[in-house]
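Step one of this worksheet: look at the structure below.
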Amino acid sequence: MTNNIYLLKWIREMEELVTPEKVIWINGSEIQLENLRQTACRSGDLVKLNQEKLPGCYLHRTNPNDAARVESSTFICTKSKEEAGPTNNWMQPKEAYKISYDLAKGSYKGKVMYVIPYMMGPVGSRFSKIGVEITDSVTVVLNMAIMTRTGQKVLDALGDSNDWVRGLHCSCNLDPEKRYVFHFPEDNTIISLNSNYEGNALLGKKCLALRLASYKGEKENWMAEHMLILGVQKPDGEIIYICAAFPSACGKTNLAMLIPPEMYKEKGYKVWCVGDDIAWLRKGKDGRLWAVNPENGFFGVASGTSEKSNPNAMQVTKKNTIFTNVVQNLDDNTVWWEGMDKNPPSHALDWKANPWDGKTSKQNGAHPNSRFTSPAKNCPSLSEKFDDPDGVPISAIIFGGRRAQTTPLVYESFDWNHGVFVGSVMSSETTAAATGKIGIVRHDPMAMLPFCGYNMSKYFQHWLDMGKFIGNKAPKIFNVNWFRTDDNGNFLWPGFSDNLRVLEWIINRCEDKTSANKTPIGYVPFASDINIQGLDISNSQLDSLLTVDNDLWKKEVQNIESFYEKFGDELPAELKNELSKLKERLQY
Ligand code: SAT
Ligand code: MN
């Protein structure tokens, strides 16, 4: 399939290391993939679902100890610890390679070694990056074939170049004590051991497209961000593109696939999805910031997805989808998860394959981080720019977290540097997407805490530098919070499709069509500028959503100060300055 000497040499070395029974190169053909699906069903790795109701759909159950990303076992392995910075786990490359090779050695015995050439980004785009993943897991191959562009066309694009990312994945025996996701940004290499959960094992996604790509972007004047990309088509036909960063499992897929509320549809609004998780951003020929989605599919959270919360995602999962850790309905061999509807099956298996009766069981049937892997082209609202090698020009960047208090529904930063400050102090409640406690508020700058492949201080500086590089054509920066609650813990804002009402304000601000209330934290909408027509929201509720409580923000400043201490002297002076200015505005 290739004569690339660098690639062939590495494959030979890896083959000698893991000693498989045979090697299969993934060429991307449907015949080959269909054979692999059958192999996976025979071995029990996949369960074939009802092909009339869910054509091309399969169920994957991970080992119960392996159902989410493991941040504590994720390492950046650069020569110096400083390069990884204070927010990443770091290990000496030498030591990490030693651990890796000891575990990998002979671990494919009696197994097939699959070689997956893949591309992140559209074929023919200057944004795109090539990777090759070696794996012993058929489900990893099948997931990668959905999430990335794979096969011969990638090798053709690679030619004889040595500019590609090496990725070794070994299932080993899924021992959580020996689970590691190692990144070697200086060697363009990723090694993942003892996990088959997609977030740890699909090496093109978080490992390449965020951790290694963010490291590269800093050196090459571009950015890799944990952001969805969407286009809002206005009644006059113009499409405004927006990127938005939220931590995992905070609604990126829902926002990316939003369907306008009836009233907006009637006016002529449409929303187009370009991506739901990752954006690569570069300065374009026109001087603006342009974005592509490097992925080719969606790895979305199933739990909570419904006809109400995300009808497009429901549509996306109706064919050619791999479901991970959902409920299997034994009556008709379909799937179910909490939040899908109020009608759980009673004759079913839970995500661990135990008999489960949804009508009587007190236990959840699906894992809270249950997932679907679906081709992007399944999305009814997929943007026609999805495959465009140049991507789309970005007018606004949104940061958002899950905060019960403090942060208003939406506010705009005063300028780029202040926007970088706003992103850097983002915090959000933890979710089931990673192992560990859920619902703890933690700082998650730009939603990149688990995904930044280098020193976070340098990453902040890179954001500041990109602002200078783009100058007055830079997007405006906003912050949103859909999750604010009243004193009884009820959400104040309906969210989901009604978030378009907030996007409308954001677009009006980008087009200088509306004024705003200057508060200590940024520009907040006047209540009369958020359209709540047809919503069951009182004016006082809207007022609470838009309040900036100085006392709460003074506490927030203390949190920010202690978070910033982590970075010591390396914290860019611009951010220290923004913090002092915020303090001045708040106090007096
Ligand atoms: O598990 S993934 O990292 O792929 C998805 C997510 O947590 O954002
Ligand atoms: Mn994500």
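Derivation of every value follows stated rules applied to the coordinates shown; laboratory data play no part. Bear in mind the structure is a predicted one, so any value in this text is a computation, not a measurement. Methodologically, a virtual Cβ is constructed for each residue, glycine included, from the backbone with ideal geometry; neighbour enumeration extends over all protein chains shown.
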Seminar exercise, completed: Scoring only Lys, Arg, Asp and Glu (+1, +1, -1, -1) among other residues with Cβ under 14 Å from the Cβ of residue 486 yields -2
Seminar exercise, completed: With DSSP loop assignment and no more than 13 other C-beta atoms within 10 Å, the GluC sites (Glu not before Pro) in region 191-275 are 238
Exercise. Fully extended, how many nm does the chain gain between residue 573 and residue 41 (0.36 nm per residue separation, minus their Cα-Cα distance)?
Worked result: 185.9 nm
Exercise. From the phi of every residue in region 58-75, what ³J(HN,Hα) in whole Hz does the Karplus formula 6.51 cos²θ - 1.76 cosθ + 1.60 yield, where θ is phi - 60° and glycine or proline is x?
Worked result: 9, 10, 10, 10, 7, 4, x, 7, 9, 10, 7, 5, 10, 6, 5, 9, 9, 10
For this session: Evaluate E = 1/(1 + (r/R0)^6) for residue 533 and residue 508, where r is the Cβ-Cβ distance and R0 equals 25 Å; express this FRET efficiency to the nearest 0.05.
Result: 0.95
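Using the 10 angstrom Cβ neighbour count as an exposure proxy, how do 458, 437 rank, fewest first?
By the 10 Å Cβ count, ascending, the order reads 437, 458.
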For this session: For every other residue with a beta carbon closer than 12 angstrom to the beta carbon of residue 235, add +1 if it is Lys or Arg and -1 if Asp or Glu, then tell me the sum.
Result: 0
Exercise. Local charge sum around residue 330 (other residues, Cβ-Cβ under 12 Å, Lys/Arg +1, Asp/Glu -1)?
Worked result: -4
For this session: May I have the count of lysine pairs in region 25-174 with C-alpha atoms under 28 Å apart, counting pairs 8 or more residues apart or located on different chains?
Result: 19
Exercise. If the cut-off is a Cα-Cα distance under 17 Å, which lysines reach residue 377, setting aside same-chain residues fewer than 8 apart in sequence?
Worked result: 318, 319, 385
Problem set entry | Full-extension gain in nm, residue 438 to residue 156, via 0.36 nm per residue minus C-alpha separation | 97.1 nm
Seminar exercise, completed: A correct Karplus calculation of ³J(HN,Hα) over region 284-291, with 6.51 cos²θ - 1.76 cosθ + 1.60, θ = phi - 60°, whole Hz and x for Gly and Pro, returns x, 4, 7, x, 7, 8, 10, 10
Exercise. Which of the peptides 123-129, 83-89 is most tightly packed, and how do the rest follow, going by the mean number of other Cβ atoms within 10 Å of each residue?
Worked result: 83-89, 123-129
Exercise. How far apart, in nm, are the 7 Å Cα→Cβ label points at residue 32 and residue 12?
Worked result: 2.1
Exercise. Residues in region 368-391 near a label at residue 233, defined as backbone nitrogen under 14 Å from the 7 Å Cα→Cβ point?
Worked result: 380-386
Seminar exercise, completed: Note on the chain, DSSP bridge orientation, antiparallel percent to nearest 5 equals 65
For this session: Quickly work out the residue 490-to-residue 163 label distance, labels modelled 7 Å from Cα along the C-beta direction, and quote it in nm with one decimal.
Result: 5.7
Exercise. Under a point spin-label approximation (7 Å from Cα along Cα-to-Cβ), what is the residue 584-residue 563 distance to one decimal in nm?
Worked result: 2.3
